[in-house]
1. Among (1) outside any helix (DSSP H, G or I); (2) over 26 Å from LYS488 (Cα atoms); (3) not β-branched (Val, Ile, Thr), which single condition is LYS409 missing?
2. Could you list all residues from segment 283-297 that are crowded, with 21+ Cβ neighbours inside 10 Å, among the polar types (S, T, N, Q) and in a helix (DSSP H, G or I)?
3. Do you know which residues across segment 284-303 are out of contact with any Asp or Glu (no Cβ under 9 Å at 6 or more places or on another chain), at pLDDT below 95 and on the phi < 0 side of the Ramachandran plot?
4. Got a number for residues in segment 203-227 being aliphatic (A, V, I, L, M) and either assigned by TED's automatic domain parsing to the domain that holds SER396 or under 28 Å from THR425 (Cα atoms) (or both)?
5. Which residue pairs have Cβ atoms under 7 Å apart, sit 6 or more places apart or on different chains, and have a first residue in segment 33-55 that is free of Cβ contacts under 8 Å to residues at least 24 places away in the same chain and a second that is assigned to a loop (DSSP other than H, G, I, E, B) and among the polar types (S, T, N, Q)?
6. Please state which one of THR251, THR239 is in the same structural domain as ALA164 (by TED's automatic domain parsing) and either touching a Ser or Thr at 6+ places or on another chain (Cβ under 7 Å) or of a type in the set (Phe, Trp, Tyr) (or both).
7. Just one of THR153, THR173 is in contact (Cβ under 8 Å) with a residue 24 or more places away in the chain and within 26 Å of LEU362 (Cβ to Cβ); which is it?
8. If you go through segment 397-429, how many residues are more than 21 Å from the chain's Cα centre (by Cα), of a type outside the set (A, V, I, L, M, F, W, C) and either under 21 Å from ILE468 (Cβ atoms) or surrounded by 19 or more Cβ atoms within 10 Å (Cβ to Cβ) (or both)?
Amino acid sequence: MFKKKIKTFFAYELFLLESFLLPKFISIDTISYMIKELNEVLQQVNVIKIMGNKSILIKGLAYDSRDVKQGYIFFALKGIHTDGHKHIDMAIKNGAGVIFYSDVLTKFLPEITYVQVDDTRFVMSPVSSAFYDHPSAKMTVLGVTGTNGKSTTISMIYQLLRMAGFKTGFISTVQFDTGKGPVKNHYRQSTPEATEIHKLLFDMVENHCKYAVIEATSHGLSVINNRLGDVLFDGAVFTNITHEHLEFHKTLDRYIDDKANLFRSLDSASGFGIINIDDPASSRFKFATEASVFSYSKTTNNPSIRAVDIEGSGQKALFSLVYAGEKYNIHLNLPKIFNVENSLAALLAVLKATKLNISTFLPFMGKLTPAEGRMISVVMGQEFDVLVDYAHSPGSFEILLPALRDMTKGKLISVFGSAGERDITKRSVQGRIADMFSDIVILTDEDPRGDDPGKILKDIASGCLTKIEEEDLFLIENRKEAIRFAFKLAKKNDLVVLLGKGHESTIIYKDGPIPWKEKDAAVSVLKEMGFSGNGSRDGSK
């Protein structure tokens, strides 16, 4: 690979570089991009037909015509709301030199290269990996899959590796870090599209990361989307399986099978898997790979690593760790709920990835911090407790709400909704679980999207069989008003838990997203109620 550092340049100089030196990589201060010939990225692609110059230079990849720049490949994807084939003209206008398409086209421009394939979305993965010189092959890459706990487990793995001195990148629902510090995940999905995944991994390589940790969602692992199909994973972690995303996978069996693709991708000789053996679906992951598989548990005898004598609260977790015949005392400055299991998965993953002694990582366990939007306390001097958490699936409700019920001296007031244009069947299940463990249920907007917000709340309410509307069940679409109502109902020793939004920065409606930050909204309402944040009410209000 030819590399050349350039501090400043003019258009003519860039022209010379492209025309005569033909560099494969250019780094301009902190901005990096590749330049490759089209035929270099087609080696793993089943091409039906090519019209145009196979040696055309490629400078970037895009699947949204608005993101196309001069010299880019444009992938015409068939999406839920639109078809990329309708935006080919716009992509060309914005500078696309190559069009990947699957439908029949009626217009071809002589200066444009057209590549016809069976499935544009599927081939976007091998093309992206090749364009960025297969970055996943240049690091140790760990994938984490499951319904709950992925982002937290990724955060813990990342923190442990960093504290041990390894430069590490990560990609999760909440944030990503390419080696220059965590930033908000601004992409459309928890697992971004293949073009974005391989660009992020490429940036990690350029920033000298030794490890990369990726949130491997069921959508990302599905062969239909194929976002992760060409990422070379060295290790795989399975957290748990509960009812989720059946609007896409259709059946729970398909959902599990798609997630198991992460384990199928492991190299049988050098790869390793980590499974939560307490989960009934764990055997599906264990037998999906010929690689070595290790287990963690809170209840099962003889796993690879186990937590026993667990104590704690909403603020901390104390337990004994049993590993390789030895017992160690662990103190997490994190809520007991979820985090014991997540910490077991993370610790076992870094032990197998680095092959270091457990003594390297034990001092760091008490220094772990929560992932953004997970079990966040909001304290403004109010007499009742407030927690913000991203839990939004029946499975996460089944784990979280019983634990919150046990730790709450007063009433448990749950505020949540359910996403529009997603699995409808889970709504009443969420309602049933909340009804079972909450004293008061307040239903509100989550991300209605194009669905009727009122109908979503009624669907959830249909599962609240023991609650009476306007007594202990309330339907308030406006989320801030729902939070305000919950806080007004709350008394000393009560717990108000705000579920479903966590770290997210918007609420998505039919007309588009509006800005939203759950913790900020809770703080704002508490301030309006006169709480000053110093343990008392503001006397001026």
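The values are calculated or read from the model by the stated rules, or taken from the named source; none is laboratory data. Just so it is clear, the model here is predicted, and its values are computed rather than measured. Because the Cβ atoms are built from the backbone with ideal geometry, glycine has one as well, and the counts that use them run over all protein chains shown.
1. (2)
2. Scanning segment 283-297 gives no hits.
3. ASN301
4. So the first thing to find is which residues in segment 203-227 are aliphatic (A, V, I, L, M), and the list is 204-205, 212-214, 216, 221, 223-224.
If we keep only those that are either assigned by TED's automatic domain parsing to the domain that holds SER396 or under 28 Å from THR425 (Cα atoms) (or both) as well, we get 216, 221, 223-224.
Residues that pass the stated criteria total 4.
5. These pairs meet every condition: GLU37/SER55; ASN39/SER55.
6. Values: THR251 fails: either touching a Ser or Thr at 6+ places or on another chain (Cβ under 7 Å) or of a type in the set (Phe, Trp, Tyr) (or both).
Going through THR251, THR239 in turn, just one is in the same structural domain as ALA164 (by TED's automatic domain parsing) and either touching a Ser or Thr at 6+ places or on another chain (Cβ under 7 Å) or of a type in the set (Phe, Trp, Tyr) (or both): THR239.
7. Numbers: THR173 fails: within 26 Å of LEU362 (Cβ to Cβ).
Selected residue: THR153, the only one of THR153, THR173 that is in contact (Cβ under 8 Å) with a residue 24 or more places away in the chain and within 26 Å of LEU362 (Cβ to Cβ).
8. Within segment 397-429, residues that are more than 21 Å from the chain's Cα centre (by Cα), of a type outside the set (A, V, I, L, M, F, W, C) and either under 21 Å from ILE468 (Cβ atoms) or surrounded by 19 or more Cβ atoms within 10 Å (Cβ to Cβ) (or both) number 7.
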